[in-house]
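Novice: Let me give you the structure first, and then I'll get to my questions.
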Amino acid sequence: MTVTAEAPLQTTPSTSRVVFPFTAIVGQEEMKLALILNVIDPKVGGVMIMGDRGTGKSTTIRALADLLPEMDVVEHDPFNSHPTDTDLMSDEVRQSVMDGHPVSVVRKKVTMIDLPLGATEDRVCGTIDIEKALSEGVKAFEPGLLAKANRGILYVDEVNLLDDHLVDVLLDSAASGWNTVEREGISIRHPARFVLVGSGNPEEGELRPQLLDRFGMHAEIRTVKEPELRVQIVEQRSQFDQDPKTFLNHYADQQKELQQKIVDAQNRLSEVTVDYDLRVNISQVCAELDVDGLRGDIVTNRAAKALAAFEGRNEVTVEDIRRVVTLCLRHRLRKDPLESIDSGYKVQKVFNQVFGVEPVEV
């Protein structure tokens, strides 16, 4: 049987929507850092952003996707296959490359896919045309949102309102890097490597702990209280809405600088090391916080390395770990059912004890 993918995606949009620049976003440093670290190393495992309504969650995520540089993709491939990395190719493209056939390559912006709350499993995972498979002997596959999100960002707003089964599917694909669709004995798989970003308002309900634990990082954001900062945010938004082009030009140099910094960090990541004693201390923090499993240890190590790479260093420091440990562990703590997610005080307290450092004044 051969595999065909119906309705191939367009490689480049004919028009691009104007997006608020990432470097112009004021405050919410915790959310911005978590997103950047996941872009540098998608294996960190995604970000869960919980906070008040109207705090710029969607704006920030769209701004990050727009900031990222264009990538090389195989032309007319519905899975955004990488032209040289076999781990990021669909089976069809990989077979074509192995057979010595040249592939046509185009440049494309990093894709950001919005997952609607009412999406069905077929819409998310894709569907197989059983009738075509039986009558013509062809695996006719219509790609879903996971195919479009490959090598991009998959954003789920109000993830705490999404069906648990769909959340499971998303997390499984994000962890394995592959999406498998099986219907009537026919099986098709394709790469699904994406940065999973979920957001929600805690007033509308929490995710189940076993699902929450599988997000690499958890950022908490709050409404800005300082009047001067609120005025600055309102004025910036007003300036952007009135004259987007001038506003974007004002931040163009900062955007290019941050983009280059992220690219350099991605290239440097494989060279970054964590001293053995620091790794032991990270695991001791996880043990003393009674964190279930080893995800907390793994994610904290990965996030610290991504931060060191972002800062232009090849060696992780205690300060790197301090900056990421709360993001990586706060949602993994066992807590009283009446409590909201730990603000980070408990994590920082244990970190200070284990690493023997003075508390940082906020």
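The values are calculated or read from the model by the stated rules, or taken from the named source; none is laboratory data. Please read these numbers as outputs of a predicted model, since none were measured by experiment. Every residue, glycine among them, receives a Cβ derived from its backbone with ideal geometry; neighbour counts consider all protein chains shown.
Novice: What single numbered condition from (1) farther than 30 Å from residue 52 by Cα; (2) among the small types (Gly, Ala, Ser); (3) part of a strand (DSSP E or B) fails to hold for residue 287?
Specialist: (3)
Novice: Working only within region 184-236, note down all residues that are more than 30 Å from residue 122 (Cβ to Cβ) and β-branched (Val, Ile, Thr).
Specialist: 221, 223, 224, 231, 233, 234 - these are the residues of region 184-236 that are more than 30 Å from residue 122 (Cβ to Cβ) and β-branched (Val, Ile, Thr).
Novice: Looking only at region 212-243, filter to residues that are within 29 Å of residue 194 (Cβ to Cβ) and basic (Lys, Arg); which one of those is nearest to the chain's Cα centre (by Cα)?
Specialist: So the residue we want is 214.
Novice: For residue 73, all conditions in the list (1) surrounded by 21 or more Cβ atoms within 10 Å (Cβ to Cβ); (2) in contact with a helix residue (DSSP H, G or I) (Cβ under 9 Å, 6 or more places away or on another chain) hold save one; what is the number of the exception?
Specialist: (2)
Novice: Mind listing just one residue for me: the one in region 25-38 that is touching a helix residue (DSSP H, G or I) at 6+ places or on another chain (Cβ under 6 Å) and either more than 16 Å from residue 221 (Cα to Cα) or without any contact (Cβ under 8 Å) to a residue 60 or more places away in the chain (or both) and, of those, surrounded by the most Cβ atoms within 10 Å (Cβ to Cβ)?
Specialist: 37
Novice: Among the candidates 127, 86, single out the residue that is polar (S, T, N, Q) and surrounded by 15 or more Cβ atoms within 10 Å (Cβ to Cβ).
Specialist: So the residue among 127, 86 that is polar (S, T, N, Q) and surrounded by 15 or more Cβ atoms within 10 Å (Cβ to Cβ) is 127.
Novice: Now for a different question. Give the residues of region 86-112 that are outside any helix (DSSP H, G or I), free of Cβ contacts under 8 Å to residues at least 60 places away in the same chain and of a type in the set (A, V, I, L, M), sorted by residue number.
Specialist: Those that are outside any helix (DSSP H, G or I), free of Cβ contacts under 8 Å to residues at least 60 places away in the same chain and of a type in the set (A, V, I, L, M): 103, 105, 110, 112.
Novice: On to the next question. Given the residues 175, 147, 140, which is the only one that is surrounded by fewer than 21 Cβ atoms within 10 Å (Cβ to Cβ), part of a helix (DSSP H, G or I) and among the small types (Gly, Ala, Ser)?
Specialist: 175
Novice: Name the residues in region 271-306 that are without any contact (Cβ under 8 Å) to a residue 24 or more places away in the chain and buried (at least 19 other Cβ atoms within 10 Å of the Cβ), would you?
Specialist: Correct list: 297 only.
Novice: Show the residue pairs that are 6+ apart or on different chains and have beta-carbon atoms under 7 Å apart, the first residue being within region 328-355 and farther than 22 Å from residue 46 by Cα, the second being at pLDDT below 80 and among the hydrophobic types (A, V, I, L, M, F, W, C).
Specialist: If the second residue must be at pLDDT below 80 and among the hydrophobic types (A, V, I, L, M, F, W, C), no pairs are left.
Novice: Taking residue 194 as the residue in question, decide whether it is aromatic (Phe, Trp, Tyr) and more than 23 Å from residue 63 (Cα to Cα).
Specialist: no
Novice: Here is a follow-up. Do we have any residue at all in region 54-63 that's in a loop (DSSP other than H, G, I, E, B), closer than 25 Å to residue 261 by Cα and modelled with pLDDT under 90? If you could, list the steps in order and put the result at the bottom.
Specialist: Residues of region 54-63 in a loop (DSSP other than H, G, I, E, B): 54-56.
If we keep only those that are closer than 25 Å to residue 261 by Cα too, we end up with 56.
With modelled with pLDDT under 90 added as a condition, the list becomes 56.
So far as region 54-63 goes, yes, one or more of its residues are in a loop (DSSP other than H, G, I, E, B), closer than 25 Å to residue 261 by Cα and modelled with pLDDT under 90.
Novice: Within region 149-162, identify whether any single residue is under 15 Å from the mean Cα position of the chain (by Cα) and within 14 Å of residue 214 (Cα to Cα), and answer yes or no.
Specialist: yes
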